[in-house]
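Down below is the structure, laid out as structure tokens.
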Amino acid sequence: MKRTRSLTPLGMQIKVAMIQQNVTSRELARRINKSEATVCEVLSGKNRSEATKRLILNELNLKEEA
């Protein structure tokens, strides 16, 4: 059975935007030139890179909620 991580609040915001825009994590990763694993790690909070978060937020036209 595959182990899953829970999403952070930012991860949930990104995931909702991905669903609304019909973008997969693989497609998002390709667009920002990162691995799919990196995108998933940002969603779960394992990867806290501000640069990667900015790339994702910009690509999805999002602003980070406070």
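Filtered by the rule that a residue be basic (Lys, Arg) and crowded, with 17+ Cβ neighbours inside 10 Å, segment 22-36 gives a lone residue, LYS34.
Of all residues assigned to segment 54-61, at least one qualifies as being outside any helix (DSSP H, G or I) and out of contact with any Lys or Arg (no Cβ under 9 Å at 6 or more places or on another chain). Of the residues making up segment 37-55, those that are loosely packed, with under 14 Cβ neighbours inside 10 Å and of a type in the set (Lys, Arg) are LYS46, ARG48, ARG54. Quick check: anything in segment 28-41 charged (D, E, K, R) and in a loop (DSSP other than H, G, I, E, B)? So far as segment 28-41 goes, yes, one or more of its residues are charged (D, E, K, R) and in a loop (DSSP other than H, G, I, E, B).
Values quoted throughout were computed directly from the atomic coordinates according to the rules given, and no laboratory measurement underlies them. All values reported here derive from a predicted model rather than from experimental measurement. Glycine also receives a Cβ, built like all others from the backbone with ideal geometry; neighbour counts cover every protein chain displayed.
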